[in-house]
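Report on one structure; see the data block that follows.
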Amino acid sequence: MPIQNIGISEIATYLPEAREANRDKKERFGIDDNFLNTKIGVDFVSRRRPDEETSDLCVSAFQTLERKCQVERTKVDCVVVVTQNPDASGIPHTSAIVHGKLGLDENCPAFDLSLGCSGYVYGLSVVQSFMRDHGLSCGLLFTADPYSKIVDPLDKNTALLFGDAATVTWLTRQPVLMPVSFLFGTRGSEWNTLKCVNHVLSMNGRAVFNFSAVEVPIQIRKLLEINGIGLGEIDFLLLHQGSKYLVDTIAQRLGLSAGVVPSNLKNQGNTVSSSIPMLLEGLVHNPAAKRLVLSGFGVGLSWASSYVTRPQ
Amino acid sequence: MKTVNAQSVLQTVHHSCPGLEAGKFNAKSSFRKHGLDSMDIASLLLALEESHGIKIPDQDVDKLDTVEDIVAYLAAR
């Protein structure tokens, strides 16, 4: 059954002002500029204020959205927050807190999705389907996963990579961009690859690299085949920004140039589920972006890709 | 399994790590001493896994610092 009429109308981002400079960590981790520039690709990781909770990041993103477009709080009828670093203990769910802070209608459903780097693509499908099936018309999909809550500053695998940010995607019945097709994947047998132990993130970088480099191109090729589209026909491939080396590797394996595979790591780092919508935000109103593929992958292991088009 | 020899592994090394100077790197050269970092080595090992149809467990990675190490490792598999 085709996915009808619910799609993306606008996207807004909140990027905290504070930064940690990776150049200040070179001596600690025994790395050089070449490694930072060609492999990590991150000059600064963004950091929320200590008093900023995950819900506050979402609210700030929504305030940016209000300044960008005609979204009205009274008309919001669906709120979903993608996060694995919720407010406090996670009870209540962060979307309920966001709902309260925004003063939304009590008839509005609000729930969280516990996903990481694949979360935006999963979230698009979930919200689109939920809204369509329940006759909703004004949905907000938030991504806010501040890994600063769990990153060990002495862990070379993670301290150079992850930044804090939040995004909000406004979904309506008058979309500018329409997700038309999705593929999903889970490899629970490798759940151990990225995990949080005693509130500290632990990542097997090699395992994440191997999984992503192999499985993401396979899924993207399958998605395009299903939709009758060739690799050369897509205008933009928006990959989760795991690291520069990972993005470059996947692009190379697909034979795509840097012009088709944008990156936004330098000034904030890997913002988990926010990395794809942050890239997409700049393309929402770009008429040259007619056929896009979004692909998120990571913790779970979980991955998902979507083919997105611009309705005439 | 694909034929394993120093030449084939060297080809894979140079393909995976294009920045490596061909004339200064041979079968006895240390990857780490020639500046290959963890991501380079991950990429190299993935290429070897894919071309030889094997999996190289994490606990074996530190043993593989030269082409000769890899040839001996693959031959033993």
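The values are calculated or read from the model by the stated rules, or taken from the named source; none is laboratory data. Predicted model, so just to flag it, every value in this text is computed and none were measured. Counting neighbours? That spans all protein chains shown, and the Cβs are built from the backbone with ideal geometry, glycine included.
When the range A:1-36 is filtered for residues that are closer than 20 Å to residue A:279 by Cβ and either part of a strand (DSSP E or B) or modelled with pLDDT under 95 (or both), the ones remaining, listed by number, are A:7, A:8, A:9, A:10, A:11, A:12, A:13, A:14, A:19.
For residue B:36, indicate whether it is part of a helix (DSSP H, G or I), surrounded by 17 or more Cβ atoms within 10 Å (Cβ to Cβ) and without any contact (Cβ under 8 Å) to a residue 60 or more places away in the chain. Judged against the criteria, residue B:36 is not a match. Pairing residues of the range A:87-101 that are without any contact (Cβ under 8 Å) to a residue 40 or more places away in the chain and not assigned by TED's automatic domain parsing to the domain that holds residue A:77 with residues that are surrounded by fewer than 14 Cβ atoms within 10 Å (Cβ to Cβ) and among the hydroxyl-bearing types (Ser, Thr, Tyr), at Cβ distances under 9 Å and at least 6 apart in sequence or on separate chains, gives no pairs at all. Just checking, does the range A:204-217 include any residue being aromatic (Phe, Trp, Tyr), free of Cβ contacts under 8 Å to residues at least 60 places away in the same chain and within 14 Å of another protein chain (Cβ to nearest Cβ)? Checked the range A:204-217: at least one residue is aromatic (Phe, Trp, Tyr), free of Cβ contacts under 8 Å to residues at least 60 places away in the same chain and within 14 Å of another protein chain (Cβ to nearest Cβ). Within the range A:204-217, can you find the residues that are surrounded by fewer than 19 Cβ atoms within 10 Å (Cβ to Cβ) and either of a type in the set (A, V, I, L, M, F, W, C) or part of a loop (DSSP other than H, G, I, E, B) (or both)? Residues satisfying the conditions are A:204, A:207, A:214.
Considering only residues in the range A:233-269 that are within 14 Å of chain B (Cβ to nearest Cβ) and of a type outside the set (A, V, I, L, M, F, W, C), the one that is surrounded by the fewest Cβ atoms within 10 Å (Cβ to Cβ) turns out to be A:252. For the range B:56-66, the candidate set comprises residues that are part of a helix (DSSP H, G or I) and in contact with a helix residue (DSSP H, G or I) (Cβ under 9 Å, 6 or more places away or on another chain); within that set, the residue that is farthest from the other protein chains (Cβ to nearest Cβ) is B:60.
Check whether at least one residue in the range A:264-273 is under 25 Å from residue A:84 (Cβ atoms), of a type in the set (Lys, Arg), touching a strand residue (DSSP E or B) at 6+ places or on another chain (Cβ under 9 Å) and assigned by TED's automatic domain parsing to the domain that holds residue A:305, and report yes or no. Within the range A:264-273 (the criterion being under 25 Å from residue A:84 (Cβ atoms), of a type in the set (Lys, Arg), touching a strand residue (DSSP E or B) at 6+ places or on another chain (Cβ under 9 Å) and assigned by TED's automatic domain parsing to the domain that holds residue A:305), the answer is yes, since at least one residue qualifies.
Name every residue in the range A:102-121 that is farther than 18 Å from residue A:170 by Cβ and in contact (Cβ under 8 Å) with a residue 60 or more places away in the chain, in order of residue number.
A:115, A:116, A:117, A:118, listed by residue number.
Could you please tell me which pairs satisfy a Cβ distance under 7 Å, a separation of 6+ or placement on different chains, a first residue in the range A:127-155 that is touching a residue at least 60 places away in the same chain (Cβ under 8 Å), and a second residue that is assigned to a strand (DSSP E or B) and among the charged types (D, E, K, R)? Short answer, once both residue conditions are applied: A:148/A:47. In this structure, is residue B:51 part of a loop (DSSP other than H, G, I, E, B) and among the small types (Gly, Ala, Ser)? Answer is no for this residue. When residue A:35 is tested against (1) under 24 Å from the mean Cα position of the chain (by Cα); (2) surrounded by 12 or more Cβ atoms within 10 Å (Cβ to Cβ), just one condition goes unmet, and that condition is (1).
For every residue, the table says whether it meets (1) within 14 Å of chain A (Cβ to nearest Cβ); (2) within 18 Å of residue A:34 (Cα to Cα); (3) within 11 Å of the chain's Cα centre (by Cα).
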residue	(1), (2), (3)
B:20	yes, yes, no
B:35	yes, yes, no
B:45	yes, no, yes
B:54	yes, no, no
B:68	no, no, yes
B:75	no, no, no
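Which members of the range A:72-94 meet the condition of being out of contact with any Cys (no Cβ under 7 Å at 6 or more places or on another chain) and farther than 21 Å from residue A:118 by Cα? Within the range A:72-94, A:72, A:73, A:74, A:88, A:89, A:91, A:92 qualify.
Out of B:10, B:74, B:44, one residue alone is touching a His at 6+ places or on another chain (Cβ under 7 Å) and touching a residue at least 24 places away in the same chain (Cβ under 8 Å). It is B:74.
Could we say that residue A:220 is within 14 Å of chain B (Cβ to nearest Cβ), over 22 Å from residue B:54 (Cβ atoms), part of a helix (DSSP H, G or I) and touching a helix residue (DSSP H, G or I) at 6+ places or on another chain (Cβ under 9 Å) here?
No.
In the range A:181-200, the residue that is nearest to the other protein chains (Cβ to nearest Cβ) out of those that are more than 22 Å from residue B:61 (Cα to Cα) and within 18 Å of the chain's Cα centre (by Cα) is A:185.
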